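> Dropping a structure here in structure tokens format, bear with me for questions.
The values are calculated or read from the model by the stated rules, or taken from the named source; none is laboratory data. Quick caveat: nothing in here was measured; it's all calculated off a predicted structure. For neighbour counting, all protein chains shown are included, and Cβ atoms are generated from backbone atoms with ideal geometry for every residue, glycine included.
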Amino acid sequence: MTNRAAARRYARALFDVSLKEADPQQVGREVEAFAELLRTNTELERVLTNPAVPAPRKRAAVVALVERLAPSAVVSKLLVLLAERDRLALVPEVAAGFRERLLDHQNVVRADVTSAVALPEEAVAKLQASLTRATGRDVLMNTKVDGSILGGVVAKIGSVVFDGSVTRQLERMRAKLAQE
């Protein structure tokens with residue numbers, strides 16, 4: 001099993017347990033906080049993800065961290081389990097997988113929106129409303145600027161792309177003229 005598949009399984013199990021035994025949003029924040037701790041503390045990350053360090057030592061370190069950080073019982077159990085199985089390197093992917101499951105549960109979808117110039121807040125709000133109508137879900141937008149699209153907007157939601165860029169329209173016109 002690949003690391004990504006394993007992380008998805010851990011995230012799914014964590015989400016299912018958090019729905020029954022804890023506040024899923026709090027659990028998500030706690031897993032994110034531990035992943036951020038690993039990202040920002042390279043020495044700690046090196047020790048906890050190094051295969052040369054025995055799993056019992058990693059478990060002891062995680063137990064000590066859990067006592068100091070005091071996360072919920074659900075997150076504590078997960079972190080200790082990952083330490084015992086020498087899978088702490090999966091924590092960032094588990095956090096990402098959990099976040100996606102939580103958004104799905106809340107009927108929220110992420111949209112990456114690219115425009116040629118920075119969009120005013122009013123235009124962002126209108127675009128968000130349009131994407132909400134198109135998807136039937138609340139939309140969490142991430143906007144960026146890319147001058148290469150010349151104008152218009154490209155919105156990507158999952159594997160679906162809404163391409164309203166000037167570049168794409170010019171490509172269509174070029175193809176149509178080439179056919180005729």
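> So in the stretch 152-171, with the set limited to residues that are over 25 Å from the mean Cα position of the chain (by Cα) and surrounded by 14 or more Cβ atoms within 10 Å (Cβ to Cβ), which one is nearest to VAL109 (Cα to Cα)? First the steps, then the outcome.
Taking the stretch 152-171 and keeping what is over 25 Å from the mean Cα position of the chain (by Cα), we get 152, 164-171.
Then drop every residue that is not surrounded by 14 or more Cβ atoms within 10 Å (Cβ to Cβ), which leaves 152, 164-165, 167-169.
Details: GLY152: 22, GLY164: 20, SER165: 22, THR167: 26, ARG168: 24, GLN169: 26 Å.
Here the answer is GLY164.
> So which of ALA175, ALA129, ALA118 is farther than 30 Å from THR42 by Cβ, exposed (fewer than 12 other Cβ atoms within 10 Å of the Cβ), in contact (Cβ under 8 Å) with a residue 24 or more places away in the chain and outside the structural domain of ASP16 (by TED's automatic domain parsing)? Reasoning before the result, please.
Numbers: ALA175 fails: in contact (Cβ under 8 Å) with a residue 24 or more places away in the chain; ALA129 fails: in contact (Cβ under 8 Å) with a residue 24 or more places away in the chain.
One residue alone meets the criteria, ALA118.
> Quick one: would you say ARG110 is buried (at least 16 other Cβ atoms within 10 Å of the Cβ) and among the basic types (Lys, Arg)?
Numbers: buried (at least 16 other Cβ atoms within 10 Å of the Cβ): no; among the basic types (Lys, Arg): yes.
Answer is no for this residue.
> Next question. Is it the case that PRO51 is part of a loop (DSSP other than H, G, I, E, B) and at pLDDT below 95? Break it down into steps so the answer makes sense when it comes.
Working: part of a loop (DSSP other than H, G, I, E, B): yes; at pLDDT below 95: yes.
It is true that PRO51 is part of a loop (DSSP other than H, G, I, E, B) and at pLDDT below 95.
> Moving on to the next point. Can you confirm whether ARG137 is basic (Lys, Arg), closer than 27 Å to ALA6 by Cβ and surrounded by 12 or more Cβ atoms within 10 Å (Cβ to Cβ)?
Numbers: basic (Lys, Arg): yes; closer than 27 Å to ALA6 by Cβ: no; surrounded by 12 or more Cβ atoms within 10 Å (Cβ to Cβ): yes.
No, not satisfied.
> Consider GLY158 carefully, then state whether it is at pLDDT below 90 and farther than 20 Å from LEU170 by Cα. Lay out the reasoning, then the answer.
Working: at pLDDT below 90: yes; farther than 20 Å from LEU170 by Cα: yes.
Yes; evaluated as a whole, the condition is true for this residue.
> For the list (1) without any contact (Cβ under 8 Å) to a residue 12 or more places away in the chain; (2) assigned to a helix (DSSP H, G or I), I need the number of the one condition that VAL66 fails.
(1)
> Now for a separate question. Since LEU37 meets every condition but one in (1) surrounded by 15 or more Cβ atoms within 10 Å (Cβ to Cβ); (2) in the same structural domain as ARG133 (by TED's automatic domain parsing); (3) part of a helix (DSSP H, G or I), which condition does it not meet?
Result: LEU37 passes all but (2).
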